[in-house]
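Student: Quick one: the structure is below, questions incoming.
The values are calculated or read from the model by the stated rules, or taken from the named source; none is laboratory data. Everything numeric here is computed off the predicted structure, so don't read it as measured data. Here the Cβ positions follow ideal geometry from the backbone for every residue, glycine too, while neighbour counts run over all protein chains shown.
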Amino acid sequence: MKRDEVRTRVLQIGIVPAVRVSSEHVARFAAEAVASGGIPIVEIEMTVPGAISVIHYLVENIPDMAVGAGSVYDTETARRCLGAGANFLTTDGLDLSIVEFANKEDIAVWPAALTPTEVITAWKASPDFVKVFPCAPVGGDSYIRILKKAFSHIPLIAAGGVNQLTAQKFIVAGASALGVGGDLIPEDAIRLKQADRIRELAYRFVRFVNDGRDHLAALKKASRPVE
Amino acid sequence: MKREEVRNRIEEIGIVAAIRVDSGENALFAAEAVYQGGIPIVEIALTVPGAAEAISHLVQQNSQLIVGAGSVLNAEMAQTCLDAGAQFLTSDGLHLALVEFAVRKGVVVFPGALTPTEVITAWESGCDFVKVVPCAHIGGESYIKSVHKMFPHIPLIAAGGVNQETASRYILAGAAALGIGGELIPAGAIQRREADRIRELSHRFARFVKGAREGKPPQREGTYIG
């Protein structure tokens, strides 16, 4: 999957499920469940044991899925993810060396940033998105709204504590997409192997994003001057 | 006391008493009171007039007390504190030169950091803990929870606005220890020389940490909506 296809996919679906679990096997299960729930995007965190082989497995077995690597902390790891077939790279903090590496390899990338300074610095390095993390504890959708007011040209992914109650609000506030982890892939659902529950949550989050976008479109239409 | 021992002691006690008062004499009073109350770790902020002398005095007077220097800005200030006998160094912001200095000298150091980017940068520089400050103002324990989830390997000290209501929540959220200042050493208690009040607060905070560590974290409920 090419860089612009990944970007388009993220913009279209609006959700990047973050898989942060304790084994390779479970990571595959979670990724397959969200894919069957209508979200063909997944980010496998480097904290998952055997993360790179999970990426390889998913790329081989779910060909239409955008499979990425999360919590990438150095270019050596980034290179290994690329070797396994990863379609995008993302970080937990603002690591410009990963963005540079991704640009050189022409692979989609979104570093995490929190303060306005970090968001600007991130964007200047030419990533595809900037992930605002962790956005829920620092003010939630109102924080995203303020950032978008200042940086309307920067596509933001809101991540860190996004849940069923807040997902739509983050979209209405201007987030291009949402990074969702534990609220889409609950620990119990993993333990109890409830693929149907994860699928149901995936449907819901997709609906929250779509409802949020419809709401935005309606707002835009309403504010257009009558001709 | 070696670096390793100081680090272990901070982890064990789980509280670093931050002393930011307006005189060296008050600092000695506060340090003695928290020690009597069961918290043998104090950080003397370098904003205290005569901070280095206070550190030196405390170190000589009480070998059981771990005395560190807070609000250290650079290596030069750090050296002065080490000469005075400081056993750890900490800062309010992310001063990498300070961390480098401490690592070279083999002394415990924990810089202040706030965003995930700063937390990672701090940790990669080789410090012993990362102090997340001011954590109460940017989301409190839910912020610590998020950061801890991302970086379970990084021992975090939650500092800045930690109080009696929130102390145990920070521990449950994953903080390795707490930095507590005004809520443990109230300005009024210093003014009126109420050592017993500071002792009582020390007992309480120690109990909050212990209780949270022993208790099971509350199970999250209601995420499954059928």
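Student: Need the failing condition index for residue A:159 against (1) more than 15 Å from the chain's Cα centre (by Cα); (2) within 14 Å of another protein chain (Cβ to nearest Cβ); (3) at pLDDT 95 or above, just the number.
Tutor: Answer for residue A:159: the failing condition is (1).
Student: Follow-up question, since we're still on this one. Could you please find all residues in region A:112-154 being among the small types (Gly, Ala, Ser), within 14 Å of another protein chain (Cβ to nearest Cβ) and farther than 21 Å from residue B:143 by Cβ?
Tutor: A:125
Student: Sticking with this structure for a sec: Only one of (1) touching a helix residue (DSSP H, G or I) at 6+ places or on another chain (Cβ under 7 Å); (2) modelled with pLDDT under 95 is not met by residue A:80, so which one is it?
Tutor: Among (1) touching a helix residue (DSSP H, G or I) at 6+ places or on another chain (Cβ under 7 Å); (2) modelled with pLDDT under 95, the lone unmet condition for residue A:80 is (2).
Student: A further question follows. Could you tell me whether residue B:157 is among the hydrophobic types (A, V, I, L, M, F, W, C), out of contact with any helix residue (DSSP H, G or I) (no Cβ under 7 Å at 6 or more places or on another chain), over 20 Å from residue A:46 (Cα atoms) and not in a loop (DSSP other than H, G, I, E, B)?
Tutor: yes
Student: For the list (1) touching a Cys at 6+ places or on another chain (Cβ under 8 Å); (2) surrounded by fewer than 23 Cβ atoms within 10 Å (Cβ to Cβ); (3) away from chain A (no Cβ under 14 Å), I need the number of the one condition that residue B:101 fails.
Tutor: Answer for residue B:101: the failing condition is (1).
Student: Moving to a separate point now. Could you go through region A:40-53 and let me know if any residue there is in contact (Cβ under 8 Å) with a residue 24 or more places away in the chain, assigned to a strand (DSSP E or B) and out of contact with any helix residue (DSSP H, G or I) (no Cβ under 8 Å at 6 or more places or on another chain).
Tutor: Checked against the condition, which is being in contact (Cβ under 8 Å) with a residue 24 or more places away in the chain, assigned to a strand (DSSP E or B) and out of contact with any helix residue (DSSP H, G or I) (no Cβ under 8 Å at 6 or more places or on another chain), region A:40-53 yields at least one hit.
Student: Continuing with this model, one more query. Write out, first by first residue and then by second, each pair whose Cβ atoms fall under 6 Å of each other, whose residues are 6+ apart or on separate chains, and whose first residue, in region A:89-102, is at negative phi while the second is of a type in the set (S, T, N, Q).
Tutor: Qualifying pairs under 6 Å: A:92/A:71; A:93/B:117; A:94/B:117; A:97/A:75; A:98/A:91; A:101/A:75.
Student: A further question follows. Looking at residue B:93, is it out of contact with any Asp or Glu (no Cβ under 9 Å at 6 or more places or on another chain) and away from chain A (no Cβ under 11 Å)?
Tutor: For residue B:93, the condition - out of contact with any Asp or Glu (no Cβ under 9 Å at 6 or more places or on another chain) and away from chain A (no Cβ under 11 Å) - is not met.
Student: While we're here: In the set A:19, A:10, which member is within 20 Å of residue A:177 (Cβ to Cβ), within 14 Å of another protein chain (Cβ to nearest Cβ) and either at pLDDT below 95 or crowded, with 23+ Cβ neighbours inside 10 Å (or both)?
Tutor: A:19
Student: Scan region A:93-149 residue by residue and report those that are under 16 Å from residue A:70 (Cβ atoms) and either among the aromatic types (Phe, Trp, Tyr) or out of contact with any strand residue (DSSP E or B) (no Cβ under 8 Å at 6 or more places or on another chain) (or both).
Tutor: A:95, A:101, A:110, A:129, A:133, listed by residue number.
Student: Right, something else. Could you list, in sequence order, the residues of region A:54-86 that are in contact with a strand residue (DSSP E or B) (Cβ under 9 Å, 6 or more places away or on another chain) and not in a helix (DSSP H, G or I)?
Tutor: Correct list: A:62, A:65, A:66, A:67, A:68, A:69, A:70, A:71, A:72, A:84, A:85, A:86.
Student: From B:76, B:32, B:12, B:53, which residue is more than 13 Å from the chain's Cα centre (by Cα), surrounded by fewer than 21 Cβ atoms within 10 Å (Cβ to Cβ), free of Cβ contacts under 8 Å to residues at least 24 places away in the same chain and outside any loop (DSSP other than H, G, I, E, B)?
Tutor: When all the criteria are applied, what remains is B:76.
Residue-wise test of (1) touching a helix residue (DSSP H, G or I) at 6+ places or on another chain (Cβ under 6 Å); (2) within 25 Å of residue B:93 (Cβ to Cβ); (3) not polar (S, T, N, Q).
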| residue | (1), (2), (3) |
| --- | --- |
| B:17 | yes, yes, yes |
| B:40 | no, no, yes |
| B:52 | yes, yes, yes |
| B:64 | no, no, no |
| B:75 | yes, yes, yes |
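Student: Report whether or not residue A:183 is surrounded by 16 or more Cβ atoms within 10 Å (Cβ to Cβ), acidic (Asp, Glu) and either within 24 Å of residue B:150 (Cα to Cα) or modelled with pLDDT of 95 or more (or both).
Tutor: Judged against the criteria, residue A:183 is a match.
Student: Could you look through region B:108-123, keep only residues that are of a type in the set (A, V, I, L, M, F, W, C) and outside any helix (DSSP H, G or I), and pick out the one that is nearest to the other protein chains (Cβ to nearest Cβ)?
Tutor: Within region B:108-123, the match that is nearest to the other protein chains (Cβ to nearest Cβ) is B:114.
Student: Just for region A:70-111: of the residues that are within 11 Å of chain B (Cβ to nearest Cβ) and among the charged types (D, E, K, R), which one is farthest from residue A:128 (Cα to Cα)?
Tutor: A:74
Student: Return the total of residues in region A:149-163 being farther than 14 Å from residue A:118 by Cα and assigned to a helix (DSSP H, G or I).
Tutor: Qualifying residue count, region A:149-163: 1.
Student: Tell me, yes or no, whether region B:137-154 has at least one residue that is surrounded by fewer than 19 Cβ atoms within 10 Å (Cβ to Cβ), away from chain A (no Cβ under 14 Å) and over 18 Å from residue B:14 (Cβ atoms).
Tutor: no
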